[in-house]
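The values are calculated or read from the model by the stated rules, or taken from the named source; none is laboratory data. As the structure is a computational prediction, the values presented were derived from the model and not from experiment. Note that each Cβ is placed from the backbone with ideal geometry, even for glycine, and that neighbours are counted across all protein chains shown.
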């Protein structure tokens with residue numbers, strides 16, 4: 001099953017396991033060096049699943065499909081306040 005199976009509406013594909021969906025989402029967020037994510041992990045297997053996202057390779061086509069499915073909002077100016 002390819003990485004983007006979670007974004008396809010095909011009745012012939014099985015749904016991707018939750019861990020795979022999480023890896024794809026995390027890898028998508030970490031594709032730019034200027035971004036970082038702090039994923040929640042309550043158990044060691046969850047930590048291992050999150051770490052596995054670093055080894056996942058998303059093709060340019062897969063990245064484009066995710067970008068199209070989840071477009072960015074307007075770009076904000078300045079540093080956000082917490």
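What the table below lists for this structure:
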{"read-out": "Counted residues, the stretch 42-60 - those being surrounded by 10 or more Cβ atoms within 10 Å (Cβ to Cβ) and over 11 Å from the mean Cα position of the chain (by Cα)", "value": "8"}
{"read-out": "Helices (runs of 4 or more DSSP H) completely within the chain that count 3 or more residues being out of contact with any helix residue (DSSP H, G or I) (no Cβ under 8 Å at 6 or more places or on another chain) and at pLDDT 85 or above", "value": "44-52, 60-69"}
{"read-out": "Long-range neighbours under 9 Å by Cβ, at least six apart or interchain, first residue under 13 Å from residue 28 (Cβ atoms) within the stretch 59-82, second modelled with pLDDT of 80 or more and part of a helix (DSSP H, G or I)", "value": "62/24; 62/28; 63/28; 66/24; 66/25; 66/28; 67/28; 70/28"}
